[in-house]
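Engineer: One structure, pasted below without further comment.
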Amino acid sequence: MAIAEVTVIPIGTGSTSLSDYVAQMQKVLKTQKGITYELTSMSTIIEGSLDDVFTAIAALHEAPFLSGAKRVSTSVKIDDRRDKPSSSRQKLRSVADKLSGTGIGTGNVTELNPNPS
């Protein structure tokens, strides 16, 4: 299973706000088959077969154009592990397990750095 982190930024929209575009892209993801996804504050995590992930990324990249954007910048990172099953939740659990007993905390990602500067 592939895990992708995707950030899609419409350029030249006349606004610094992207929430309308992000909401539209989340609607696009609901129509995609064979994937799971999670919106984060900075990107969207998509999981599925590599083909399904790429299909979803293409649809996300196209969405701002359909909403009137004239230029779109899309950044993608892919973790495609094939030696054993993997998921974003499993990756977080692995880190939490390693932090168990260290006093740092394991409840969620924000606890990985309890004292941000």
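Engineer: Any residue that is basic (Lys, Arg), more than 18 Å from Thr74 (Cβ to Cβ), exposed (fewer than 10 other Cβ atoms within 10 Å of the Cβ) and free of Cβ contacts under 8 Å to residues at least 12 places away in the same chain - is there at least one of those in the range 32-43?
Structural biologist: Restricting attention to the range 32-43, the residues satisfying the condition of being basic (Lys, Arg) are 33.
The next check asks that each one be more than 18 Å from Thr74 (Cβ to Cβ); those that pass are 33.
Among the residues that remain, those that are also exposed (fewer than 10 other Cβ atoms within 10 Å of the Cβ) are: 33.
Retained after the next criterion (residues that are free of Cβ contacts under 8 Å to residues at least 12 places away in the same chain): none.
No, the conditions are met nowhere in the range 32-43.
Engineer: Related question: Only one of (1) at pLDDT below 95; (2) under 14 Å from the mean Cα position of the chain (by Cα) fails for Gly12. Which number is that?
Structural biologist: Every listed condition holds for Gly12 apart from (2).
Engineer: Do you know which residues across the range 1-28 are assigned to a helix (DSSP H, G or I) and of a type in the set (Val, Ile, Thr)?
Structural biologist: Within the range 1-28, the first condition is being assigned to a helix (DSSP H, G or I), and the residues that meet it are 19-28.
Across the range 1-28, the qualifying residues are Val22, Val28.
Engineer: Follow-up. Quick test of your reading of the structure: Glu62 fulfils all but one of (1) more than 25 Å from Ser87 (Cα to Cα); (2) at pLDDT 95 or above; (3) touching a helix residue (DSSP H, G or I) at 6+ places or on another chain (Cβ under 7 Å). Name the failing condition by number.
Structural biologist: For Glu62, the failing item is (3).
Engineer: Just to verify a result, which residue in the range 56-76, among those that are within 14 Å of the chain's Cα centre (by Cα) and hydroxyl-bearing (Ser, Thr, Tyr), is nearest to Ile45 (Cα to Cα)?
Structural biologist: Per the stated criteria, the residue is Ser75.
Engineer: Could you give every pair whose Cβ atoms fall below 6 Å, whose first residue belongs to the range 94-107 and is under 25 Å from Lys84 (Cβ atoms) and at pLDDT 60 or above, and whose second residue is of a type outside the set (Phe, Trp, Tyr) and assigned to a loop (DSSP other than H, G, I, E, B), counting only separations of at least 6 or pairs across chains?
Structural biologist: Pairs found: Ala96/Thr106; Leu99/Thr106; Ser100/Thr106.
The values are calculated or read from the model by the stated rules, or taken from the named source; none is laboratory data. Since we're looking at a predicted model, the values are computed, not measured. A quick note on method: Cβ atoms are made from the backbone with ideal geometry, for glycine too, and the neighbour counts reach across all protein chains shown.
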